[in-house]
Amino acid sequence: METIYEKSFNIMPPTTPYKLSVSKTKTYVDCKRKFKFSYIDKLPKKDWAHLTYGKFIHRILELFHQYYLESGNDPCHVVMGRCFNQAVKEFKAELTPEQKKEGYEALNSYLNIWSNPEIIRSSILSVEKQFNVNIDDTVLLNGMIDRVQVDPDGMIHVADYKTTKDKKYLKNDWFQLLTYAYVMMLEDPSIETVRGSYVLIRHGFEYITSEFKRADVLKIKDKYLQYQIEISEEKLWRANPTFLCKFCDFLESCEEGKKQVYKGDFFGPTDWT
């Protein structure tokens, strides 16, 4: 029912900006049905082992770099040991022995990189940097950047840790890093170029890197505004069945997904008489 104020002046009540993030937006692009299940219906999600491992590694690296950001000067192998043990305690109920062993080996290789005298530790500006960006009072863009640093050439460098085993899908997907570059350019309008990298933990901390110019980065704003319009106008919420359906939290609620995953697993009815 309209209030007297709204009826008299023919105005709409104030609206709240729609919350978007990289992961939420990518879910919509990848599968609109999954988006509905996750963000509208809010169906319960599964506990996936690969997500636990990713959170475990992220936590260790956060603790490790935060120590040096706070002017700690203990040897890096000592610090890494403390951080590893703390994260093991935090994830004890979820972590498997195999994940613990893999994590130890991965971070041991990271220490070999970090102990290189050419690495400038003070170049790291922040870890797990949170952001909330209001885009034209229409979209509230939120998220977290794993690491922000200044490279030896003076360029701002945003990095995101990835624990994927299959790295090829990242090579032409810059949406996440462009978003982070956008955040940094809003924070400092003098920045003209941002370097961005996916850091591949399961591939010896290999980097997939690109540099983003201001003109290209600022286009990300219009993309989020367009996604907000599409989401608000979406009615059908069609599924997009692919081989990735087997990793979907909502597989059992999606007929198209089940057909994709289970095709060929059944032989149909059999007459045993």
Matching residues, the range 92-105, being modelled with pLDDT under 95 and within 21 Å of the chain's Cα centre (by Cα): E94, L95
Take the range 22-52 and flag every residue that is of a type in the set (S, T, Y) and either over 18 Å from I145 (Cα atoms) or open to solvent by 80 Å² or more (accessible area, probe 1.4 Å) (or both). T27, Y28, S38, Y39, T52
Quick check on my filter: what residues within the range 188-212 are touching a Ser or Thr at 6+ places or on another chain (Cβ under 7 Å) and within 30 Å of N108 (Cβ to Cβ)? R195, G196, S197, I201, R202, G204, F205, Y207, I208, T209
Single residue of the range 160-207 satisfying the filter (touching a helix residue (DSSP H, G or I) at 6+ places or on another chain (Cβ under 8 Å) and open to solvent by 60 Å² or more (accessible area, probe 1.4 Å)) that is modelled with the lowest pLDDT: K165
Can you give me the ranges of the helices (runs of 4 or more DSSP H) entirely in the range 121-237 with at least 1 residues that are among the charged types (D, E, K, R) and in contact (Cβ under 8 Å) with a residue 40 or more places away in the chain? 219-233
Residue set Q130, Q99, Q86; condition on the phi < 0 side of the Ramachandran plot and surrounded by 17 or more Cβ atoms within 10 Å (Cβ to Cβ); output residue Q99
Out of L63, L51, L111, I need the residue that is aliphatic (A, V, I, L, M), assigned to a helix (DSSP H, G or I), in contact with a His (Cβ under 9 Å, 6 or more places away or on another chain) and free of Cβ contacts under 8 Å to residues at least 40 places away in the same chain. Which one? L111
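The values are calculated or read from the model by the stated rules, or taken from the named source; none is laboratory data. Computed from a predicted model, the values in this text were never measured in an experiment. Ideal geometry is used to build each Cβ from the backbone, glycine not excepted, and the neighbour counts take in all protein chains shown. Accessible surface areas use protein heavy atoms only, side chains included; no ligands, DNA or RNA. Shrake-Rupley method; radii C 1.70, N 1.55, O 1.52, S 1.80 Å.
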